[in-house]
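Participant: The structure follows.
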Amino acid sequence: MAPKTPIPVPETLKPKYWPTWLALGLLRLATLLPYPAQNAIGRQLGKLIHRFARKRRRIAEINIQRCFPEKTTTEQTAMVEAHFAELGMMLLDTALSWWARPATLQRLARIQGMNHLTDALARERGVILLTGHMTTLDIGGIILGEALSRTPWPMQVMYKRSRNPLLEAMMRRGRERFMHRVFIRQDMRSFVKGLKENHPTWYAPDQDFGRNNTVFANFFGIATSTLPTPARIAA
């Protein structure tokens, strides 16, 4: 499926968007490298993020400490560093999900259990693909979306809008490649419409939108905020 979202010009040609253009260009060039080289670059990017993104590093440290209190300080530090390495590789994987050819994407992963999804879709009641915001979110979603685009049930996906109009356009274009529909998280009408049309819907509810919109569930022994939306829609 061809991208539908246009790049907003001349607005995004202003100097304040030049760093975004540069970053996107470098990511695009990186997708031409062998995959092991992309991972190596990603790990180095992760080290930079770990060093300079102090707020994000602190959040990761607190989460690791609370979820794995039995581990030593050294082990916890290693887990945080490994997370940021994965975060850096995620940037390169996201670039692949936006620009790589279908054949390249197909070589990166093997989908197991597709029969469970197709069996559920054959009942024509819609399917919610429940996931979390993991570092493989974009590349995994695109690989599955590409596979489903060759079936009667192309996928739809919900996402959070970016404040940067250039990044917003590129993100939508990348995700629209193999998707039936891409819609913002506030657009619940499209969510329900897609389910009624029997399109599998990719949805990650593991975020905190305030006490009035969330419930708390046990996660690693900790009461953790999540969204009750999937259960409500399923009901």
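Participant: Out of the residues in region 66-90 that are in contact with a helix residue (DSSP H, G or I) (Cβ under 6 Å, 6 or more places away or on another chain) and not small (Gly, Ala, Ser), state the one that is nearest to Arg150 (Cα to Cα).
Facilitator: Filtering region 66-90 for residues that are in contact with a helix residue (DSSP H, G or I) (Cβ under 6 Å, 6 or more places away or on another chain) and not small (Gly, Ala, Ser), the one nearest to Arg150 (Cα to Cα) comes out as Met89.
Participant: Moving on to the next point. Taking interchain pairs and intrachain pairs at least six residues apart, which have beta carbon atoms under 8 angstrom, with the first residue in region 116-127 and without any contact (Cβ under 8 Å) to a residue 24 or more places away in the chain and the second open to solvent by 20 Å² or more (accessible area, probe 1.4 Å) and among the polar types (S, T, N, Q)?
Facilitator: Note: no pairs meet the criteria.
Participant: While we're on this one: Among the candidates Lys14, Lys4, Lys47, single out the residue that is modelled with pLDDT of 95 or more, out of contact with any strand residue (DSSP E or B) (no Cβ under 6 Å at 6 or more places or on another chain), within 23 Å of Met170 (Cβ to Cβ) and open to solvent by 70 Å² or more (accessible area, probe 1.4 Å).
Facilitator: Being modelled with pLDDT of 95 or more, out of contact with any strand residue (DSSP E or B) (no Cβ under 6 Å at 6 or more places or on another chain), within 23 Å of Met170 (Cβ to Cβ) and open to solvent by 70 Å² or more (accessible area, probe 1.4 Å) holds for just one of Lys14, Lys4, Lys47, which is Lys14.
Participant: Against the definition (in contact with a Pro (Cβ under 8 Å, 6 or more places away or on another chain) and part of a helix (DSSP H, G or I)), how does Leu195 come out, yes or no?
Facilitator: Here the answer is no, as Leu195 does not meet what is asked.
Participant: If you check every pair at least six apart or on different chains, which have Cβ atoms under 9 Å apart with a residue in region 15-27 that is at negative phi and in a helix (DSSP H, G or I) first and a residue that is of a type outside the set (A, V, I, L, M) and open to solvent by 50 Å² or more (accessible area, probe 1.4 Å) second?
Facilitator: Taking only residues 6 or more apart or on different chains, the pairs are Tyr17/Glu11; Leu27/Trp99.
Participant: Those residues that are free of Cβ contacts under 8 Å to residues at least 60 places away in the same chain and open to solvent by 20 Å² or more (accessible area, probe 1.4 Å), I need them from region 198-216; list them, please. Step through it out loud before you land on a result.
Facilitator: Of region 198-216, the ones free of Cβ contacts under 8 Å to residues at least 60 places away in the same chain are 208-216.
Of everything in region 198-216, those that are free of Cβ contacts under 8 Å to residues at least 60 places away in the same chain and open to solvent by 20 Å² or more (accessible area, probe 1.4 Å) turn out to be Asp208, Phe209, Gly210, Arg211, Asn212, Asn213, Val215, Phe216.
Every residue, every condition in (1) in contact with a strand residue (DSSP E or B) (Cβ under 9 Å, 6 or more places away or on another chain); (2) surrounded by fewer than 21 Cβ atoms within 10 Å (Cβ to Cβ); (3) hydrophobic (A, V, I, L, M, F, W, C); (4) assigned to a helix (DSSP H, G or I), yes or no:
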site: His116; (1), (2), (3), (4): no, yes, no, yes
site: Gly132; (1), (2), (3), (4): no, yes, no, no
site: Asp138; (1), (2), (3), (4): no, no, no, yes
site: Ile142; (1), (2), (3), (4): no, no, yes, yes
site: Thr151; (1), (2), (3), (4): no, yes, no, no
site: Phe178; (1), (2), (3), (4): no, no, yes, no
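Participant: Might you check whether a residue that is within 24 Å of Ala122 (Cα to Cα), open to solvent by less than 20 Å² (accessible area, probe 1.4 Å) and in a loop (DSSP other than H, G, I, E, B) occurs anywhere in region 181-190?
Facilitator: Checking region 181-190: not a single residue is within 24 Å of Ala122 (Cα to Cα), open to solvent by less than 20 Å² (accessible area, probe 1.4 Å) and in a loop (DSSP other than H, G, I, E, B).
The values are calculated or read from the model by the stated rules, or taken from the named source; none is laboratory data. These numbers were taken from a predicted model, which means no experiment stands behind them. A quick note on method: Cβ atoms are made from the backbone with ideal geometry, for glycine too, and the neighbour counts reach across all protein chains shown. To get the accessible areas, we keep the full protein, side chains included, count just its heavy atoms, and leave off ligands, DNA and RNA. Shrake-Rupley method; radii C 1.70, N 1.55, O 1.52, S 1.80 Å.
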